[in-house]
Amino acid sequence: MQFAVALVNAEAKAQQEAIEVARQKAVEEASEEAKQESVEVAEQKGPIQCLTLIEIIQKHVGMPTFLDVFSLDVEGAELDEYLSIYFSQVDFGFIFAEQDGRSKKKRNRSTNLVRKQRIHIFRG
């Protein structure tokens with residue numbers, strides 16, 4: 001009887017592993033398909049014109065200026081964005097920013113840069 005139970009358990013485990021392998025393969029194939037689709041759309045539309053925050057402020061508001069609230073969520077590029085801001089020309093009431101969760105070094109550099117501008121950091 002124990003042999004039969006062990007055999008059933010082994011078969012169930014093998015079946016679960018096969019399902020997981022198939023699921024992972026489907027996810028990878030879907031990801032590749034989505035990447036290819038994104039590339040095709042980008043090629044059809046051509047280059048995307050981007051502006052920095054400072055360029056937007058200069059064009060639409062003027063400098064120096066004060067922004068009551070600034071929300072920053074650029075998926076790990078917060079440090080680059082902070083480095084592009086002319087803190088001597090733009091002042092902020094509040095900055096809501098997601099910190100880079102992958103790189104402690106970048107997160108620390110961002111934190112130090114913001115603190116040098118006398119901006120207080122609150123962690124949630």
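All of the numbers you see were taken from the coordinates with simple rules; none came from a lab. Small disclaimer: the values here were computed from a predicted structure and weren't measured. Counting neighbours? That spans all protein chains shown, and the Cβs are built from the backbone with ideal geometry, glycine included.
Key figures
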quantity: In the range 73-124, GluC sites (Glu not before Pro) in a DSSP loop with at most 15 other beta-carbon atoms within 10 Å; calculated: E75, E98
quantity: Cleavage-rule hits, GluC sites (Glu not before Pro), the range 29-59, DSSP coil, Cβ neighbours within 10 Å at most 11; calculated: none
quantity: Under DSSP loop assignment and at most 13 Cβ neighbours within 10 Å, longest trypsin sites (Lys or Arg not before Pro)-free interval of the chain; calculated: 1-101
quantity: Directionally averaged shadow of the chain, computed from the convex hull of its alpha-carbon atoms, nm²; calculated: 13.3 nm²
quantity: Simple Cβ-charge dipole of the chain, Lys/Arg +1 and Asp/Glu -1, about Cα centre, in debye nearest 20; calculated: 900 debye
quantity: Neighbour cut-off at most 13 other Cβ (10 Å), DSSP loop, chymotrypsin sites (Phe, Trp or Tyr not before Pro), the range 84-118; calculated: Y86
quantity: Axial C-alpha extent at least 24 Å, average Kyte-Doolittle at least -1.0 - helices from the chain (DSSP); calculated: 2-45
quantity: Over the range 55-119: Kirkwood hydrodynamic radius from C-alpha pairwise inverse distances, Å; calculated: 12.4 Å
quantity: Segment L83-D68, extension gain: residue separation times 0.36 nm, minus the distance between their alpha carbons; calculated: 3.4 nm
